[in-house]
1. Based on this model, can you work out whether A:Val32 counts as away from chain B (no Cβ under 11 Å), away from ligand 2 (no atom under 16 Å from the Cβ) and in contact (Cβ under 8 Å) with a residue 12 or more places away in the chain?
2. Out of all the residues in the stretch A:57-65, is one or more facing another protein chain (nearest Cβ under 9 Å) and modelled with pLDDT of 95 or more?
3. For A:Ser171, are the conditions met, namely being of a type in the set (S, T, N, Q), modelled with pLDDT under 95 and more than 15 Å from ligand 1 (Cβ to nearest atom)?
4. Quick test for you: out of A:Val85, A:Val100, pick the one residue that is within 14 Å of chain B (Cβ to nearest Cβ), out of contact with any His (no Cβ under 7 Å at 6 or more places or on another chain) and part of a helix (DSSP H, G or I).
5. Could you tell me how many of the residues in the stretch A:1-43 are among the basic types (Lys, Arg), near ligand 1 (Cβ under 6 Å from one of its atoms) and open to solvent by 50 Å² or more (accessible area, probe 1.4 Å)?
6. Checking the condition in a helix (DSSP H, G or I) and of a type in the set (D, E, K, R), which residue from B:Arg52, B:Arg47 passes?
7. Give the residues of the stretch A:285-303 that are farther than 16 Å from A:Lys273 by Cβ and of a type outside the set (Lys, Arg), sorted by residue number.
8. Take A:Thr318 and tell me if it is under 12 Å from A:Val254 (Cα atoms), of a type in the set (Ser, Thr, Tyr) and modelled with pLDDT of 90 or more.
Amino acid sequence: MIKFENVYKQYDNGHTVLKNLNLHCKEGEITVFIGPSGCGKTTTMKLINRLIEPTKGKVLVNDVDISTISPVKLRRSIGYVIQHVGLFPHMTIADNVAVVPRLLEWEEDRIQKQVKNLLDMVNLKADTYADRYPSELSGGQQQRIGVIRAFAAEQSIILMDEPFSALDPISREQLQDELIRLQKDIKKTIIFVTHDMDEAIRIADKIVLMRSGKILQEGTPEEILRRPANDFVKNFIGKKRLAQFEAIPESEEVMTRKPVTILPSRGLAESIKIMERKQVDSLMVVDTKDRLQGYITIYDVLQQFKDETKRVGDIMHTFEHVIAPDTLLNQTIELMDEHKLPYVPVVKDDQTLVGLVTRGTIVGHLSDIYSGNEGL
Amino acid sequence: MDYINIFATRWKDLGSAMLEHIIISGAALLLGIIIAVPLGIYLVKTRYTWLRSVAFTITNIFQTIPSLALLAILIPLIGIGKFPAIVALFLYSLLPILRNTYSGFKSIDPSVIEAARGMGYDGRQRLFRIELPLAIPYLMSGIRLTTIYVISWATLATLIGAGGLGELIYGGLSVYDKPLIFASSITTMLLAIVIDLLLASLERLLTRQTTSREQSASS
Ligand SMILES: Nc1ncnc2c1ncn2[C@@H]1O[C@H](COP(=O)(O)OP(=O)(O)O)[C@@H](O)[C@H]1O
Ligand SMILES: [Mg+2]
């Protein structure tokens, strides 16, 4: 866990680069710093391993003020991929990767194994590459080595400064996928700097959008795409991406707003009447304040019908899956598909039932779009 | 024939003159390296930029004084003999070694230095495992160049009574002994060439060692 508390950074030339930075990067998450060039992403990152000292304020790692830890010790405990790769030209690839394990005096056997594993991970054969020098590798290959060097000592915090910027788009996506896959298993706390919004959206648990040394907005990719804080953020995300995102409807637009409901205190005969009148085979059970309690189906009612003492509340089932009004249609469909649901109720935070997404309403919505398109 | 015979008849004189020559140049160089290399490293790292210009200006001045004048000016200060000769040659060697050390360290890609800091090398480890190995080619070429200068300037040292091969050359010149002039000049040239070759192989050895040092260090 990394925390910035009221951090200011002024360089010797008088330029104030960070202005009252407050930030919390959660353990086991990928936090992505993004913003235009010169906005202070690298500076912020280097505060974490004390390559740069704050002018004012504190940086805490796992609740310890890092100004109290020796920089050398701190840095050995934090993986670091620097912006311009920075491999050591006089060392072989294997030795480059092994730098921090050697500084930490690991056993040689363990180091060799680790180097081999890491080279495998980025698809560079150890037999071929281990004994080469950095100048014998392509830019993209060097960048891969720069990345695995940061993982070599299995530190729990990794700083990555534009680690994939020199890669061609295909290798970049490959490494992004690799990082996402790896992160599922190893759950490192990763700080990742990029100026590529697609990259940020793909890998981030949390995006921190910066401009001129200030945080403009932070949140999950979803939150930022959905609710850009201002025009600058919108511009930065790009119209195209926003449009793409806006094109996916929210469940609110797809649902029926008049699901057929019943109070839990009603009798079974009454429920059959309602189903008959509305031509449905199940009813949403809500309390007097419209809060969703569960549902009943025609089969349940018919099975228990003989027992006159039974009320709707006695035979209802509760829902395992509900969605929010702003859940995206693609997620809704995924959910319905995965759990074989004929419909999902849409509820607000306070459990108030606002609608129902059914297969029918989805088809209706899509046919609206397509017939609308044909008209154009 | 005389040109060959002279080596047979005067080999003792030639040998001892050469030894003196080596001692004078070697001592001057060694002093130069001991002072100029650390100074060069310090100048790269220091925050006080004015120190840099002061150091380069002073060493530059030594370099521009004509060699004979420098030798002469040392006589009233520290007399004659080997010691003032060594001091003069040492002052000469400072600038080229200093300049090459400085540019060797300056030539290192800043991102490499930053990577080294970021990985957690402490200052001393960074100096010996990263910076010095990377600066060695510059450093060695500075030292080689300086060595050749110093060996040739050392022939002047005889003028303040320091001996060396210069003594035989000037001796030969003063009585116009052509074989002797020939033999002593050839010896000086050969000395310079052989030493340069030795330094060249040392340079190769050093760069190879530094590239494999990391491997052997912990195995
Ligand atoms: N050592 C330094 N001295 C003075 N200014 C610097 C230094 N390093 C960076 N800056 C300035 O600080 C600002 C932020 O730099 P940086 O953090 O590298 O930005 P980013 O990584 O977002 O591109 C830039 O305006 C840059 O010029
Ligand atoms: Mg940067």
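The values are calculated or read from the model by the stated rules, or taken from the named source; none is laboratory data. All values reported here derive from a predicted model rather than from experimental measurement. Using ideal geometry, Cβ is built from the backbone for each residue, glycine included, and neighbour counts are taken over all protein chains shown. These accessible areas exclude ligands, DNA and RNA; they are computed on the full protein's heavy atoms, side chains included. Shrake-Rupley method; radii C 1.70, N 1.55, O 1.52, S 1.80 Å.
1. Values: away from chain B (no Cβ under 11 Å): yes; away from ligand 2 (no atom under 16 Å from the Cβ): no; in contact (Cβ under 8 Å) with a residue 12 or more places away in the chain: yes.
The answer is no for A:Val32.
2. Here is the first cut: in the stretch A:57-65, the residues facing another protein chain (nearest Cβ under 9 Å) are none.
Taking every residue of the stretch A:57-65 in turn, none turns out to be facing another protein chain (nearest Cβ under 9 Å) and modelled with pLDDT of 95 or more.
3. On the way: of a type in the set (S, T, N, Q): yes; modelled with pLDDT under 95: yes; more than 15 Å from ligand 1 (Cβ to nearest atom): yes.
Here the answer is yes, as A:Ser171 does meet what is asked.
4. Unique residue meeting the criteria: A:Val100.
5. Here is the first cut: in the stretch A:1-43, the ones among the basic types (Lys, Arg) are A:3, A:9, A:19, A:26, A:41.
The next check asks that each one be near ligand 1 (Cβ under 6 Å from one of its atoms); those that pass are A:41.
The next check asks that each one be open to solvent by 50 Å² or more (accessible area, probe 1.4 Å); those that pass are none.
Residues that pass the stated criteria total 0.
6. Values: B:Arg47 fails: in a helix (DSSP H, G or I).
Result of the check over B:Arg52, B:Arg47: B:Arg52.
7. Of all residues in the stretch A:285-303, those farther than 16 Å from A:Lys273 by Cβ come to A:286-295, A:299, A:303.
If the condition is that a residue be farther than 16 Å from A:Lys273 by Cβ and of a type outside the set (Lys, Arg), then A:Val286, A:Asp287, A:Thr288, A:Asp290, A:Leu292, A:Gln293, A:Gly294, A:Tyr295, A:Tyr299, A:Gln303 are the ones that fit.
8. Working: under 12 Å from A:Val254 (Cα atoms): no; of a type in the set (Ser, Thr, Tyr): yes; modelled with pLDDT of 90 or more: yes.
Considered against the rule, which asks whether it is under 12 Å from A:Val254 (Cα atoms), of a type in the set (Ser, Thr, Tyr) and modelled with pLDDT of 90 or more, A:Thr318 comes out as no.
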